[in-house]
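The block underneath contains the structure these notes are about, expressed in structure tokens.
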Amino acid sequence: MIVNLSTTKKILREFDIKPKKRLGQHFLIDGNVLRKIIDIAKISNDDNVLEIGGGIGTLTEALLEKAKKVICVEYDNKLISVLKEVFKELNNLIIIQADALKYDFNPLIKRYSINKMVSNLPYNIALTLIFDMLNKYPEIKSYIVLVQAEIGERLTAKPKDKNYTAISVKMSLISEIKNYFRVSKNVFLPSPEVDSKVLEIHRKKFCYEQIDKNKLFKLINISFKHRRKKLVNSILSCKDWELSKAQTEKIIGEVIGNKGVRAEELSSEDFIKLYRTVQKQIQIWK
Ligand code: SAH
């Protein structure tokens, strides 16, 4: 087993690896946390699992015990050689060197029938990656991820929460998220600055009739552009917006019941209602 302090240190020493902060290289060293993640992921031998950021193979090793196939994507060439060496005798592992943010996963998903993702995600790509993948790849139904606590809070925040932003609203429209447990920063080597969280994200079909998802998302983005400002002022600061302040205030007053409301007070259903009311006006958006 890789998941313990001495084996991790040994691998890092043998392969002369100095963990790179820039790539969020924090390797899991706690077997209990690993087991809990694997339990939550409920992997069976029908599952073809994608792992992003394989590192030295800690999570990969546990996934390989349960899954039919594991498709592991790692950016760092040095870690790619570790993965290839550590798992050289296994034939149910596919190792790919790529930047997950720029990679087109479609061919891989089709070729290996990938249906799940389980990953300990690096801080700087987690938010964008999860959101993009949910939007781009309907075949992947569930994501079990270890992310920094603040990222987890942003993904799951509800109206008026401190971390409620455009991404929280958009995530609630395309997914259901279960917040499992907090993971101490001390179970990683090297230890990051903050704790992490384990989340299970299920893709939900976007099923609002006659709503163009991209335009709705644009409306949500501009609404949160100036989080502390009133909604009307955030919307008016968008150059594609053609209604006057009085007209916009009137609509917000009618739809939400308060023309001075801020975006952080609106639920996803409020945004749907607002969209339907301003539909004609945003028809021109590309
Ligand atoms: N899964 C391992 C390592 C997690 S650390 C464990 O749980 O111990 C995060 C990993 O993501 C690192 O190996 C890092 O090199 C990799 N990574 C960082 N940015 C990436 C990117 N853009 N694409 C793919 N992998 C990336």
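The values are calculated or read from the model by the stated rules, or taken from the named source; none is laboratory data. These figures come from a predicted structure and were not determined experimentally. Glycine also receives a Cβ, built like all others from the backbone with ideal geometry; neighbour counts cover every protein chain displayed.
Descriptive notes on the structure:
Quick grid of which residues meet (1) assigned to a helix (DSSP H, G or I); (2) within 16 Å of the ligand (Cβ to nearest atom):
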| position | (1), (2) |
| --- | --- |
| LEU129 | yes, yes |
| ASP132 | yes, yes |
| TYR143 | no, yes |
| VAL147 | no, yes |
| ILE151 | yes, yes |
| LYS158 | no, no |
| SER168 | yes, no |
| LEU173 | yes, no |
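- Positions within region 127-149 being out of contact with any His (no Cβ under 9 Å at 6 or more places or on another chain) and of a type in the set (Ser, Thr, Tyr), in sequence order: THR128, TYR137
- Residue match in region 157-165 (condition: loosely packed, with under 13 Cβ neighbours inside 10 Å and in contact with a helix residue (DSSP H, G or I) (Cβ under 7 Å, 6 or more places away or on another chain)): yes
- ASN45 vs. criteria at pLDDT 95 or above, away from the ligand (no atom under 13 Å from the Cβ) and touching a Phe, Trp or Tyr at 6+ places or on another chain (Cβ under 9 Å): no
- Subset of region 58-107 [within 12 Å of the ligand (Cβ to nearest atom), in contact with a strand residue (DSSP E or B) (Cβ under 8 Å, 6 or more places away or on another chain) and assigned to a loop (DSSP other than H, G, I, E, B)]: TYR75, ALA98, ALA100, TYR103, PHE105
- Qualifying positions in region 230-260 - surrounded by 18 or more Cβ atoms within 10 Å (Cβ to Cβ), under 25 Å from ASP161 (Cβ atoms) and out of contact with any Asp or Glu (no Cβ under 8 Å at 6 or more places or on another chain): LEU231, SER234, ILE235, ILE252
- Within region 228-286, helices (runs of 4 or more DSSP H) holding 3 or more residues that are among the β-branched types (Val, Ile, Thr): 245-256, 268-282
- Region 170-224, residues that are of a type in the set (Ser, Thr, Tyr) and over 18 Å from the mean Cα position of the chain (by Cα): SER184, SER191, TYR208, SER223
- Per this entry, GLU242 is counted among residues that are over 30 Å from ILE38 (Cβ atoms) and either at pLDDT below 95 or in contact with a Cys (Cβ under 8 Å, 6 or more places away or on another chain) (or both).
- When restricted to residues that are part of a loop (DSSP other than H, G, I, E, B) and loosely packed, with under 13 Cβ neighbours inside 10 Å, region 1-22 contains 3.
- Within region 23-42, restricting attention to residues that are assigned to a loop (DSSP other than H, G, I, E, B) and either away from the ligand (no atom under 13 Å from the Cβ) or among the β-branched types (Val, Ile, Thr) (or both), the residue that is surrounded by the most Cβ atoms within 10 Å (Cβ to Cβ) is ILE29.
- Within region 50-71, residues that are within 17 Å of LEU5 (Cα to Cα) and not assigned by TED's automatic domain parsing to the domain that holds LYS21 have Cβ atoms under 8 Å from residues that are within 13 Å of the ligand (Cβ to nearest atom) and of a type in the set (Ser, Thr, Tyr) in no pair, counting only partners at least 6 apart in sequence or on another chain.
- Boolean, SER223 is assigned by TED's automatic domain parsing to the domain that holds ARG276, surrounded by 13 or more Cβ atoms within 10 Å (Cβ to Cβ) and of a type in the set (Gly, Ala, Ser): yes
- Qualifying residue in region 14-35 (condition: aliphatic (A, V, I, L, M), out of contact with any Cys (no Cβ under 6 Å at 6 or more places or on another chain) and under 21 Å from GLU139 (Cβ atoms)): no
- Sub-9 Å Cβ pairs linking a first residue in region 10-37 that is assigned by TED's automatic domain parsing to the domain that holds TYR75 and on the phi > 0 side of the Ramachandran plot to a second residue that is surrounded by 12 or more Cβ atoms within 10 Å (Cβ to Cβ) and assigned to a loop (DSSP other than H, G, I, E, B), at least 6 apart or interchain, are GLY24/GLY53; GLY24/LEU121; GLY24/PRO122; GLY24/PRO192, ordered by first then second residue.
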